[in-house]
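Everything below concerns the one structure shown next.
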Amino acid sequence: MTRALKALALATTVCLATALPAAANYGQRGGGDEAVIFKHPDFRGEALAVQGPVYNLRELGFNDTVSSIDVRGAWEICVDPDFRGRCVVIDQPNERLSRIRMNDNITSLRPLNGNRRHISGRRDNRHGGYGGNRGNRSGDYRAHNQGIEGRHTVFFPRPRDAYGDRIPVGRGNANQFCREMGLGQVVYADRGRRNLTDVLCAK
């Protein structure tokens, strides 16, 4: 079951991005938040349209190759996978990422939808752990997680807490996540070395 769930998570990521063979197709875009990344400056070369979070561009063949980006809405672009390392928030087209020291240096990106503050450097380390004394932020869980809904369950690849951080492996953490998402008890949880990698919640 683990292999099937991981394949489903990867398929979800790929569905959020549509390959564009060249900038000639760049004008055909849908509504909502969207980023189009290009391998060359001035919106040239191979391009990829993204409409949701991408945790690792390596999986799509675009890791550390992006030189320009056009966005609709505010987006966070980061040098490491899972939105780690140095991150920059942009809300307008940037034809030369070298100007902000991000040329050929992007590994993950995601739309902000007004839910995160501007981040220009490495995120600070927060204390307290998952479910600790970090304030009542349960309403923010849904801003950081996009589930795949089935008839009786909802699947969450790489679940995140109210701060957008990965959820550490721990007793009861998967059940707590499902509750925070307004769902029933956990049906299945795949645990990595440190964090929960996949969670399946009952409706």
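The values are calculated or read from the model by the stated rules, or taken from the named source; none is laboratory data. All values derive from a computational prediction rather than experimental measurement. Every residue, glycine as well, gets a Cβ built from its backbone with ideal geometry; the counts of neighbours run over all protein chains shown.
Observations on the model:
- In the stretch 64-94, the residues that are modelled with pLDDT under 90, surrounded by fewer than 19 Cβ atoms within 10 Å (Cβ to Cβ) and on the phi > 0 side of the Ramachandran plot: Gly73, Asp82, Gly85
- Residue tally, condition buried (at least 19 other Cβ atoms within 10 Å of the Cβ), out of contact with any Ser or Thr (no Cβ under 8 Å at 6 or more places or on another chain) and not charged (D, E, K, R), over the stretch 156-194: 11
- Pairing each residue of the stretch 137-157 that is modelled with pLDDT under 75 with any residue that is among the polar types (S, T, N, Q) and in a loop (DSSP other than H, G, I, E, B), provided the two are 6+ apart or on different chains, yields C-beta distances under 8 Å for Asp140/Asn115; Ala143/Asn113; Ala143/Asn115.
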